[in-house]
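This report concerns only the one structure given below.
Coordinate-derived values only; no laboratory data. These numbers come from a predicted model, not from an experiment. Here the Cβ is made from the backbone with ideal geometry for all residues, glycine too, and neighbour counts use every protein chain on show.
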């Protein structure tokens, strides 16, 4: 079966599946595996220490795949200048960039006139409309089920996706709670023309920077195993529930602001868990879809399983319609 949509045509990919930015995890090995499997792999730019490291990672990725790939810019949460990192993408002729976590205008202005496809992650209808006005080629819509940073509202993917589809003319990519072929087909039924997944790609063999205990925690998760932290400072984000996130929530109830939280929500605390497996000294992002993940396949095996399930659903729909 053909899996053609405006998203596959825009990004020149076989399947409408995009790998999320995944702070501290999305590097060349994972991105190449996703692109080679027919999706769009991405490197996380702002987790790298400087522009030279980003350039090295992009060039390493180019030796591993001839397929399109993207570079993700999480411009809101790191508190760092990003302009020099975007310049690298321009100079290296990166085919796709995605912008998450902040106002995309600065990045969009920089890449204007270059042959770079522009994706923007949004968590509200108005954000999607604004992204289209700024020149986004497509928007990725994340509902509250998603892992990592979310919107300030509590709208789920099931409601938010068609709401955005009905208010923009550019393609919509659904994100949040999608981990398998059923989730993909549900998103397409809602009017999305592609999906983005984060948590599912962590639990793969090619996500080599994720500690095995982090991956195992995702496998062990049920629908109640994640929690939203950082609401009190206006940047809500979903993580696996553990003693560390319990302490974060306890501190948030005291309402003492960012200073009281900064050591608990830092990138270092995140890396202690996801890289070093020190669960008692940090946290790991994950979406509610972790409840549906029960194996650690290769990226290609995972994507092929999704496509197989999706095609079975297509056939079932066709039979039901004819009946």
Report summary line: For the residue 276, residue 60 Cβ pair and Förster radius 25 Å, calculated FRET efficiency rounded to 0.05 is 0.60
Query raised in the report: Helix-derived [θ] at 222 nm for the chain: sum -39500 (n - 2.57) over DSSP H runs of at least 4, divide by residue count, nearest 500?
Result: -12000 deg cm²/dmol
Report task. Could you tell me whether region 1-98 comes out rounded, prolate or oblate from its Cα gyration tensor? Rule is a ≥ b ≥ c as square roots of the eigenvalues, rounded for a/c under 1.5, then prolate if a/b exceeds b/c, otherwise oblate. Result -> prolate
Query raised in the report: Gain in length, residue 91 to residue 222, computed as 0.36 nm per residue apart minus the alpha-carbon separation, to one decimal in nm?
Result: 42.8 nm
Query raised in the report: Ranking 256, 117, 2 by Cβ neighbours within 10 Å, fewest first, what do you get?
Result: 2, 256, 117
Requested in this report: With a ≥ b ≥ c taken as the square roots of the eigenvalues of the C-alpha gyration tensor of region 226-285, please select rounded if a/c is under 1.5 and otherwise prolate if a/b is larger than b/c or oblate if it is not?
Outcome: prolate
Query raised in the report: Working out 0.36 nm times the residue gap between residue 231 and residue 6, then minus their Cα-Cα distance, what length gain in nm do you get to one decimal?
Result: 77.5 nm
Requested in this report: Be a star and scan region 283-300 for residues whose amide nitrogen sits under 15 Å from the point 7 Å along the Cα-to-Cβ vector of residue 246.
Outcome: 283
